[in-house]
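Note sheet for the following structure.
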């Protein structure tokens with residue numbers, strides 16, 4: 001598997017990278033470093049930023065959330081808006097892929113509309129979305145090391 005130069009970054013990558021040591025901490029840190037070194041062009045949508053802030057707010061860690069959101073916003077080559085066609089595609093995807101969450105369907109709809117095929121994520125649900133390739137952070141980090 002080859003990770004293309006331009007990939008979508010799911011919210012869980014910066015969450016793991018900024019969190020305590022875990023099996024995904026180091027791979028996510030390496031992915032974020034690759035983005036910072038411009039070895040990987042990252043795309044996100046505005047919902048990723050909302051997810052980061054919501055995650056931190058629920059844990060009473062707003063400062064962490066703001067650092068994650070600001071850092072990712074500074075590193076991301078592209079930040080896509082969520083537009084009306086994405087809402088329609090999101091609902092279609094939720095019907096086509098049982099169990100796909102609304103948040104994941106938003107990302108998938110935005111990715112598909114903009115022609116992105118790869119997402120780096122710890123979330124396995126994206127692998128079930130037709131047209132998308134989900135790359136787990138461990139695999140992405142090892143591919144980026146080559």
Which listed residue is more than 20 Å from residue 108 (Cα to Cα), assigned to a loop (DSSP other than H, G, I, E, B) and modelled with pLDDT of 95 or more, from 23, 27: 23
Can you tell me which residue in region 34-60 is nearest to residue 142 (Cα to Cα), limited to those that are surrounded by fewer than 15 Cβ atoms within 10 Å (Cβ to Cβ) and modelled with pLDDT of 95 or more? 46
Regarding region 102-125, can at least one residue be identified that is in contact (Cβ under 8 Å) with a residue 24 or more places away in the chain and exposed (fewer than 13 other Cβ atoms within 10 Å of the Cβ)? no
Suppose we keep only residues that are without any contact (Cβ under 8 Å) to a residue 24 or more places away in the chain and touching a helix residue (DSSP H, G or I) at 6+ places or on another chain (Cβ under 6 Å) within region 1-33. Which one would you say is surrounded by the most Cβ atoms within 10 Å (Cβ to Cβ)? 17
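Please specify each residue of region 126-140 satisfying the condition of being assigned to a helix (DSSP H, G or I) and either surrounded by fewer than 22 Cβ atoms within 10 Å (Cβ to Cβ) or on the phi > 0 side of the Ramachandran plot (or both). Break it down stepwise before answering.
In the first step, residues of region 126-140 are kept if they are assigned to a helix (DSSP H, G or I); the result is 126-128, 137-140.
Listed by number, the residues that qualify are 127, 128, 138, 139.
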When you go through 88, 97 one by one, which is the residue that is in contact (Cβ under 8 Å) with a residue 24 or more places away in the chain, surrounded by fewer than 20 Cβ atoms within 10 Å (Cβ to Cβ) and over 19 Å from residue 12 (Cα atoms)? 97
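Find the residue count for region 39-65, including only residues that are free of Cβ contacts under 8 Å to residues at least 40 places away in the same chain and more than 24 Å from residue 102 (Cβ to Cβ).
Step one: list which residues in region 39-65 are free of Cβ contacts under 8 Å to residues at least 40 places away in the same chain, which gives 41-42, 44, 46, 49-50, 53-54, 56-63, 65.
Those still in the list that are more than 24 Å from residue 102 (Cβ to Cβ) too: 41, 60, 63.
Count: 3.
The values are calculated or read from the model by the stated rules, or taken from the named source; none is laboratory data. Just so we're clear, the structure is a prediction, and the values are computed from it rather than from any experiment. In this analysis, Cβ positions are derived from the backbone assuming ideal geometry, glycine residues included, and neighbour counts consider all displayed protein chains.
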